[in-house]
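Just so it is clear, none of the values below were taken in a lab; they were calculated from the coordinates. All figures in this text were calculated on a predicted structure; none of them were measured in a lab. A quick note on method: Cβ atoms are made from the backbone with ideal geometry, for glycine too, and the neighbour counts reach across all protein chains shown.
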Amino acid sequence: MPIDPTLPYDDANIFAKILRGEIPSNAVYEDDHAFAFEDINPQAEIHTLVIPKGRYVSWDDFSAKASDAEIAGFIRAVGEVARAKGLVEPGYRLMANIGVHGHQEVPHLHVHIFGGQPLGPMICRK
Ligand code: AMP
């Protein structure tokens, strides 16, 4: 079910549990501000999630409240993961779902990195 991105941060969300090491993940990158791991239900040959370590519900929450250092660190981490996976030359896609219309299911900001294959049109046509 899509979440309401205006609700307060919920420390019981599954990505918070992954960050605390309470449930396993297939981690691929970690630094002071970000953590990246493979999506459990990949939608492309490469489907990796990058999350900030801070308690932010969505892109909206993060862009409004995170420090400049957190924002810079997170953006750089997304680029670092994509480079490490060799995605720059063939190309890739980033996606952040926000709220109900965006069909966000996990209430901790995450950027999806898709790649490893041609990804087709940007969005489903009506
Ligand atoms: P979104 O719809 O943008 O909130 O996407 C949530 C993503 O989290 C989906 O692509 C799920 O497959 C993924 N996901 C959910 N639980 C896990 C988990 N435990 N480990 C890795 N990925 C997960």
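The number of residues in region 37-52 being crowded, with 18+ Cβ neighbours inside 10 Å and within 13 Å of A27 (Cβ to Cβ) comes to 5. With respect to the conditions (1) closer than 22 Å to C124 by Cβ; (2) out of contact with any Lys or Arg (no Cβ under 8 Å at 6 or more places or on another chain), I46 falls short on a single one, namely (2). Note on region 1-35: among residues that are farther than 12 Å from V57 by Cβ, in contact (Cβ under 8 Å) with a residue 40 or more places away in the chain and in a loop (DSSP other than H, G, I, E, B), the one that is nearest to the ligand (Cβ to nearest atom) is P2. Scanning region 67-89 for residues that are crowded, with 18+ Cβ neighbours inside 10 Å and part of a helix (DSSP H, G or I) yields E70, G73, F74, A77, V78, V81, A82. Scanning region 38-53 for residues that are touching a Phe, Trp or Tyr at 6+ places or on another chain (Cβ under 8 Å) and within 11 Å of the ligand (Cβ to nearest atom) returns Q43, A44, H47, T48, L49, I51. The residue of region 1-36 that is farthest from E70 (Cα to Cα), among those that are among the hydroxyl-bearing types (S, T, Y) and surrounded by 13 or more Cβ atoms within 10 Å (Cβ to Cβ), is S25. Scanning region 38-49 for residues that are out of contact with any Asp or Glu (no Cβ under 9 Å at 6 or more places or on another chain) and part of a strand (DSSP E or B) gives a single hit, E38.
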